[in-house]
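J.: One structure coming up, written as structure tokens, with questions to follow.
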Amino acid sequence: MTQRRVLASSTGAAHARILGLGAYRPSVVVPNADLIERIDSTDEWIQQRSGIRQRRWADPEESVRVMGTAAARQAIERAGLDARQIDTVIVATISHLMQTPALATLIAHDLGTDQAAAFDISAACAGFCHGVSLASDLVRAGSAGHVLVIGVERLTDLTDPDDRGTAFIFADGAGAAVVGPSDTPGIAPVVWGSDGEQYDLIRQREDWRDVVASDSPVMPHLVMQGNAVFRWASFAMAKIGLQALDRAGIGVDELDCFVPHQANMRITDAMARSMKLPDTVRIARDIVDQGNTSAASIPLALERMYADGDARSGDTALLIAFGAGLAYAAQVVVLP
Ligand SMILES: CC(C)(COP(=O)(O)OP(=O)(O)OC[C@H]1O[C@@H](n2cnc3c(N)ncnc32)[C@H](O)[C@@H]1OP(=O)(O)O)[C@@H](O)C(=O)NCCC(=O)NCCS
């Protein structure tokens, strides 16, 4: 009888945590006043329905590669690391317009960490929280030492400037986190999932074959059934947030910061009410001046909270992201 071979297995760090965060806000500031004529809207309507006062758009030089690399550099520096210590790069994006190769390989190269494993993930607005969860598991399983997670979007490339339901919401930017080993738990278990029955609620209008076959091709813009998304996010996501707290083993009174995907200020408020967050919990409201940047929105919102003194090292923060798919992910983290 031949003897069965037993393969080696890897084990990693006891725990993982976020070691550093970075962000990149593109240069073009666009107040509501610059959009309203084209979509027959008003500044008051946009602020009242979404909370957005202005948004940031990328100029032609500010590609996903440029923005993602800038945010990554800052995260690595704040983590106190050298780029060569990064051995895995995960990019969450839906707006890298080259289907292949992955944007992550380019960014790894620009950072000078060519040996790193590098791949993109597609979970739309939920991408950053998916990436943080993967990074934590890679570090704890021993597959990686230090993982760079980047959320970057140039949604203006995929937004129809004449669409009243999306033109004022979507924006551009990048954020990044370095995840590495820790002696104490810094990233609690994720609660994540999807609901493909609602696949049509937010999606690219058509695939590239339809674009090419068209007599007058235009970019396959994002289309959204805003009202249905709004209802789903406001109610279903509050339950997911509470589950994430439960999995972290803390109650709402032990939470310092609530950092939801910056989709719409009314969704943020509805979730906070539904979860009965006490007044002591500081809430991210970056959407007001940044718009909705999909995978980049949570790290950008965190950066703003630090800048405003609303987030401090050692704070507990509930991150919750949700969007096209519909896909969602939430976890409690200890802030670096
Ligand atoms: C997009 C959103 C702000 C629209 O708000 P809403 O209250 O759902 O708006 P509706 O589409 O139901 O339209 C309500 C009214 O406003 C009007 N309207 C729609 N877009 C408008 C605009 N840009 N400016 C002014 N009026 C507008 C509609 O014509 C309608 O008018 P009526 O009542 O006279 O028919 C909201 O649905 C939303 O934020 N949804 C979530 C989107 C989101 O967060 N997506 C990202 C998830 S990742």
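The values are calculated or read from the model by the stated rules, or taken from the named source; none is laboratory data. Not measured: the values here are computed from a predicted model. In this analysis, Cβ positions are derived from the backbone assuming ideal geometry, glycine residues included, and neighbour counts consider all displayed protein chains.
J.: Restricting to the range 91-131, what's the tally of residues that are in a helix (DSSP H, G or I) and in contact (Cβ under 8 Å) with a residue 12 or more places away in the chain? Before you say what the answer is, go through the steps one by one.
T.: Pass one, the range 91-131, residues in a helix (DSSP H, G or I): 103-111, 124-131.
Subsequent filtering for residues that are in contact (Cβ under 8 Å) with a residue 12 or more places away in the chain retains 103-108, 110-111, 124-131.
Final tally of qualifying residues: 16.
J.: So, one more: Please enumerate the residues belonging to the range 51-90 that are outside any loop (DSSP other than H, G, I, E, B), buried (at least 23 other Cβ atoms within 10 Å of the Cβ) and either within 16 Å of the ligand (Cβ to nearest atom) or at positive phi (or both).
T.: Within the range 51-90, Arg55 is the sole residue that qualifies.
J.: I've got another one for you. Hey, among the residues in the range 249-295 that are buried (at least 22 other Cβ atoms within 10 Å of the Cβ) and among the β-branched types (Val, Ile, Thr), which one's nearest to the chain's Cα centre (by Cα)?
T.: Among those that are buried (at least 22 other Cβ atoms within 10 Å of the Cβ) and among the β-branched types (Val, Ile, Thr), it is Thr293.
J.: Answer yes or no as to whether Asn227 is within 12 Å of the ligand (Cβ to nearest atom), over 15 Å from Cys125 (Cβ atoms) and not charged (D, E, K, R).
T.: yes
J.: Against the definition (part of a helix (DSSP H, G or I), among the β-branched types (Val, Ile, Thr), at pLDDT 95 or above and closer than 19 Å to Phe170 by Cβ), how does Ile267 come out, yes or no?
T.: Yes, satisfied.
J.: Here is a follow-up. What number of residues in the range 209-230 are loosely packed, with under 13 Cβ neighbours inside 10 Å, of a type outside the set (A, V, I, L, M) and part of a helix (DSSP H, G or I)?
T.: 3
J.: Of the conditions (1) modelled with pLDDT of 95 or more; (2) surrounded by fewer than 20 Cβ atoms within 10 Å (Cβ to Cβ); (3) away from the ligand (no atom under 16 Å from the Cβ); (4) outside any helix (DSSP H, G or I), Glu206 clears all except one; give me its number.
T.: (1)
J.: Something else: Which of the residues belonging to the range 1-49 are part of a loop (DSSP other than H, G, I, E, B) and closer than 23 Å to Glu303 by Cβ?
T.: Arg25, Pro26, Ser27
J.: Collect the residues in the range 244-270 that are within 11 Å of the ligand (Cβ to nearest atom) and farther than 17 Å from Gln47 by Cβ, keeping them in residue-number order.
T.: Those that are within 11 Å of the ligand (Cβ to nearest atom) and farther than 17 Å from Gln47 by Cβ: Pro260, His261.
J.: Condition first: more than 17 Å from the chain's Cα centre (by Cα), surrounded by 17 or more Cβ atoms within 10 Å (Cβ to Cβ), away from the ligand (no atom under 14 Å from the Cβ) and not in a strand (DSSP E or B). Can you find one or more residues in the range 169-187 that meet it?
T.: Yes, that holds for at least one residue.
J.: Moving to a separate point now. Just one of the numbered conditions (1) buried (at least 21 other Cβ atoms within 10 Å of the Cβ); (2) more than 16 Å from the ligand (Cβ to nearest atom); (3) not in a helix (DSSP H, G or I) is not true of Leu134; which one?
T.: (3)
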